[in-house]
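The structure appears right after this line, and notes come after that.
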Amino acid sequence: MLLSVRLLLALPLFFIFPALNTFAQQRKALPNPKNIIIMIGDGVGYNHILATDYYLGMVAQVQEKFPVRLAMSHYPAKAGEYKAGNPGSNYYAAAYNPSTAWKDTAFLKRDYTESAAAATAIATGFKTYNNSIGMSVDQDTLTNLVQWAKAMGKAAGVVTTVEFSHATPAGFVAHNISRSNYAQIAYEMVTDSRCDVIMGCGDPMYDNDGIRLESGWKNAKYVGDSTFWQQIIKGSGWQTGFLVNGKQKTIGDCDGDGKPDAWTLIRNLNDFRALQKGKTPKRVLGCPNIYETLQQSRTGRNGETKSSAPYITPLIGTVPMLAEMVGGALNVLDNNQKGFFVMIEGGATDWASHSNQKGRLIEEMKGFFEAVDAVCAWVEKNSSWNETMLIVTGDHETGLLWGEKPFMPLVDKGKGNLPVMNFNSNDHTNSLIPFYAKGAGSELYLNFADERDSVRGPFIQNTEIAQLIHLLWVK
């Protein structure tokens, strides 16, 4: 397998994927979507969706009815965990094996990807080493979908329910040898990127319950540092020069006129809600008054345990829901007549799965589903499926979620009740995840599904998401 992966990384795309060569010859005849939206439920596998469907009354979600429904594999080029100065910390990974995957949980628990490598693969079309942010296996920078969109004169952005400098949004915007370098990533996203919208958590002035800290701020690494964060607050709407690590830095130009464009910072719930309608600032950095996640990290109350039903601890009422953030982001992005690209992440679905929190997983899944509904409503009201492509997928599976035992089905216990569901891991797995797509050009993903799983059917590789987008957009 070591040799095959190395060959895979070295071969040209047209040799690896015959369909690409055929498409390239007919490039002019391909659809050219004005807008492309990728929605990622972090850590979400088939049973995460099914468990939520059961809890909600066995109502299939809108994406489950999309015309393109496939499975997706997501193994990295190099598994393990990147450690500077230790080349052996990452090692070449084995590919997904359909026959082994359905009888060996040990296989599913090794050589798995993590969110940074998965995001990089989806955003660039290249598999890489675990913990990489936009870097190849040789640590060269890769071009991501945000950069592709900006090069075409489109708007671009990222939205997440976790910190905006976390692995998934970072993988679509930044370049760093390690996802752990949060401060460096935050600086790059804010000062170097040409994003029109960045939304996510990380405000060091608030805790995970949305309570303002009068003293003793949280670690400000997710927003750079405390000095940088204060500059962003004070300079909202006008400041284009920032002091970063003792050096003056001019921020990027988002609209292509050659001039730096200031960020307008929004933080409170009313501002997020107001952004959904009417005239918007040119460029928006949205960071709710919360530290790590919108809801998942809030303090448990009323005897809540990992197995408790959803909402035992009331939701925090001072932060926006993902659907509200999405509404505001789309209202900014659609100002560009050439269209846009945006990645929207339900990030805390992964956090709940790592912690094996059944009820909070359902909460996060429901919030993600509502955001998908909001995007579909936006397409049908403000655009059309003839000019917009929507992809709804995950980046990997977390928790090896099954019924009573591994590979046993979940058991529906009726609307409003948790199904019989059990986590068999507190980490990522190699299990295939669902891929749904609708809109301009989406049907072409069916041509990429040239591998087949005995249970899930045809599946694609995560890298093929960006590869098709590149063919559709680069004429």
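Quick check on the stretch 82-101. Is at least one of its residues β-branched (V, I, T) and in contact (Cβ under 8 Å) with a residue 12 or more places away in the chain? Scanning the stretch 82-101, I find no residue that is β-branched (V, I, T) and in contact (Cβ under 8 Å) with a residue 12 or more places away in the chain, so the answer is no. So, of the residues in the stretch 317-333 that are assigned to a loop (DSSP other than H, G, I, E, B) and buried (at least 18 other Cβ atoms within 10 Å of the Cβ), which turns out to be nearest to the chain's Cα centre (by Cα)? Among them, the one singled out is M321.
Contact annotation: residue pairs with Cβ atoms under 7 Å, 6 or more positions apart or on different chains, pairing a residue in the stretch 186-202 that is under 21 Å from M152 (Cα atoms) and surrounded by fewer than 23 Cβ atoms within 10 Å (Cβ to Cβ) with a partner that is modelled with pLDDT of 95 or more and among the acidic types (D, E), are R194/D253. The residue that is farthest from D111 (Cα to Cα), counting only those in the stretch 47-61 that are of a type outside the set (S, T, Y) and outside any loop (DSSP other than H, G, I, E, B), is D53.
Among the conditions (1) surrounded by fewer than 22 Cβ atoms within 10 Å (Cβ to Cβ); (2) within 17 Å of the chain's Cα centre (by Cα), the only one that M152 does not satisfy is (2). Within this structure, T143 fails the test of being within 18 Å of the chain's Cα centre (by Cα), of a type in the set (S, T, Y), buried (at least 24 other Cβ atoms within 10 Å of the Cβ) and modelled with pLDDT of 95 or more. For the stretch 165-185, the set of residues classified as touching a residue at least 40 places away in the same chain (Cβ under 8 Å) and hydrophobic (A, V, I, L, M, F, W, C) consists of A167, A170, F172, A174, I177, A183, I185, listed by residue number.
Find all pairs meeting these conditions: Cβ atoms under 7 angstrom apart; at least six residues apart or on different chains; first residue within the stretch 122-148 and within 17 Å of L471 (Cβ to Cβ); second residue part of a loop (DSSP other than H, G, I, E, B) and of a type in the set (V, I, T). Every condition considered, the pairs that remain are T124/T143. Within the stretch 414-433, how many residues turn out to be within 28 Å of A377 (Cα to Cα) and crowded, with 22+ Cβ neighbours inside 10 Å? The number of residues fulfilling the criteria is 1. The single condition among (1) surrounded by 14 or more Cβ atoms within 10 Å (Cβ to Cβ); (2) free of Cβ contacts under 8 Å to residues at least 24 places away in the same chain that L265 does not meet is (2). Checking F407, F369 one by one, the residue that is in a helix (DSSP H, G or I) and at pLDDT 95 or above is F369 and no other. When I177 is tested against (1) surrounded by fewer than 24 Cβ atoms within 10 Å (Cβ to Cβ); (2) touching a Lys or Arg at 6+ places or on another chain (Cβ under 9 Å); (3) among the β-branched types (V, I, T), only condition (2) is not met.
In summary, K438 fulfils each of the numbered conditions (1) touching a strand residue (DSSP E or B) at 6+ places or on another chain (Cβ under 6 Å); (2) assigned to a loop (DSSP other than H, G, I, E, B); (3) farther than 20 Å from A119 by Cβ with the single exception of condition (2).
The values are calculated or read from the model by the stated rules, or taken from the named source; none is laboratory data. None of these values were measured; they are calculated from a predicted model. Virtual Cβ from ideal backbone geometry, glycine too; neighbours counted across all protein chains shown.
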